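The values are calculated or read from the model by the stated rules, or taken from the named source; none is laboratory data. As the structure is a computational prediction, the values presented were derived from the model and not from experiment. Here the Cβ is made from the backbone with ideal geometry for all residues, glycine too, and neighbour counts use every protein chain on show.
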């Protein structure tokens, strides 16, 4: 598939570049964004902080590792890019950090999740609510229901009083639609691996289960061991990785939010896919294959949602044991993975025309010190107002 639409990312005028990067007669800001990567080797865990060079995509460590909670597993940036929220699985907490002027994080508040063993986090596009899944330590010998903690986000980005929704047995992922106010929860229940669809009350954040009109059921099957979930920006297609079957499952979103699997799927991935992301334009998707130590790229057909390049095209070797994968939100031309087995973060340059990846010079980049081992996930925020000014119409 021709990804010509992405090429708009490369059409940066001298004027807009000056606005974005803060050029003046006295100074030039070469930092396009910041990468924050959680690690859980130590207790409490740590967050390594990096700046992104806008020309090369190279990462530079900034500050010293910031203290998180016990076993930080996921993190997400606020819609403004001025705050970061970290999920600490061992403490069953969400920790709020402010992004300071130099890109380093400052811890603000810690909030308890309504259940135990939180697994994933997502925010709605308006930045009004945080959704945190938890599984209450679900296992073959602990058959308990999991749920979602819903935090309202206050005007100062602190979190309000949480409410709880019981959801599935082993929820491991969550995503919120950019349009239409739907929330999808990925349930890794061995007896019924599935996606649960909810409509979101835009005023309260409350979730109401949605029945699949095709099957008459609340749950949509999701392979063998579903591991990660993402929805493309137009909210028409949802994608799930299956780490047991090494496959990518694609769904079409129905008018009521229910999901219907694409008849030409599922699609091949590398070994043990555990992470997934979609670029800001919604035209290319990347899957992190943990056992293969690769990132695999798929072009998304903008009409049908079908991912192509599934026969191994665009498979790029990164660090060992990649877990999370993200595209920078400022330029949309750099991709990074957290690598849990070699204690690094890999950087790749995204080709605007093809979606293929080319290793950033000096990648992969190390963590800071032995205590910062075992990376678990990462998040990226733009430096200033880059995201809204970099693309010409």
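Summary of computed values
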quantity	calculated
Any hit, the stretch 20-35, residues being within 21 Å of the chain's Cα centre (by Cα), at pLDDT 95 or above, closer than 30 Å to residue 281 by Cβ and assigned to a loop (DSSP other than H, G, I, E, B)	no
Filter result (on the phi < 0 side of the Ramachandran plot, outside any strand (DSSP E or B) and within 17 Å of the chain's Cα centre (by Cα)) within the stretch 228-266	232, 233, 234, 243
Residue 273 being farther than 17 Å from residue 185 by Cα and either at pLDDT 95 or above or in contact with a strand residue (DSSP E or B) (Cβ under 7 Å, 6 or more places away or on another chain) (or both)	yes
Residue satisfying all of: in the stretch 92-115; free of Cβ contacts under 8 Å to residues at least 40 places away in the same chain and crowded, with 17+ Cβ neighbours inside 10 Å; nearest to the chain's Cα centre (by Cα) among these	95
Candidates 327, 360, 317, filtered to the one that is surrounded by fewer than 21 Cβ atoms within 10 Å (Cβ to Cβ) and touching a strand residue (DSSP E or B) at 6+ places or on another chain (Cβ under 8 Å)	317
Test result for residue 125, within 17 Å of the chain's Cα centre (by Cα), free of Cβ contacts under 8 Å to residues at least 60 places away in the same chain and surrounded by fewer than 17 Cβ atoms within 10 Å (Cβ to Cβ)	yes
Test: residue in the stretch 204-225 that is in contact (Cβ under 8 Å) with a residue 60 or more places away in the chain, in contact with a strand residue (DSSP E or B) (Cβ under 7 Å, 6 or more places away or on another chain) and closer than 24 Å to residue 269 by Cα	no
Residues being farther than 16 Å from residue 254 by Cβ and outside any loop (DSSP other than H, G, I, E, B) - total across the stretch 211-227	2
Among the candidates 119, 60, 38, residue that is more than 21 Å from residue 134 (Cα to Cα), touching a strand residue (DSSP E or B) at 6+ places or on another chain (Cβ under 6 Å), assigned to a strand (DSSP E or B) and at pLDDT 95 or above	60
Matching residues in the stretch 233-250 - criterion: being crowded, with 24+ Cβ neighbours inside 10 Å and either in contact with a helix residue (DSSP H, G or I) (Cβ under 6 Å, 6 or more places away or on another chain) or modelled with pLDDT under 95 (or both)	none
Residue under evaluation residue 90, criteria (1) more than 19 Å from residue 329 (Cβ to Cβ); (2) in contact with a strand residue (DSSP E or B) (Cβ under 6 Å, 6 or more places away or on another chain); (3) assigned to a loop (DSSP other than H, G, I, E, B); (4) at pLDDT 95 or above, criterion not met	(2)
Of residues in the stretch 137-159 being more than 19 Å from residue 81 (Cα to Cα) and surrounded by fewer than 19 Cβ atoms within 10 Å (Cβ to Cβ), the one nearest to the chain's Cα centre (by Cα)	137
Where a residue in the stretch 170-183 is at pLDDT below 95 and its partner, wherever it lies, is part of a strand (DSSP E or B) and surrounded by fewer than 21 Cβ atoms within 10 Å (Cβ to Cβ), with Cβ under 7 Å and at least six apart	181/199
Residue list for the stretch 178-196, filter: buried (at least 20 other Cβ atoms within 10 Å of the Cβ) and touching a strand residue (DSSP E or B) at 6+ places or on another chain (Cβ under 7 Å)	182, 183, 184, 185, 186, 187, 188, 193, 194, 195, 196
Every residue from the stretch 234-260 that is out of contact with any strand residue (DSSP E or B) (no Cβ under 7 Å at 6 or more places or on another chain) and more than 18 Å from residue 274 (Cα to Cα)	234, 255, 256
Sole residue being at pLDDT 90 or above and at positive phi, chosen from 363, 374	374
Given (1) touching a residue at least 24 places away in the same chain (Cβ under 8 Å); (2) within 20 Å of residue 198 (Cβ to Cβ); (3) exposed (fewer than 15 other Cβ atoms within 10 Å of the Cβ), index of the condition residue 166 fails	(1)
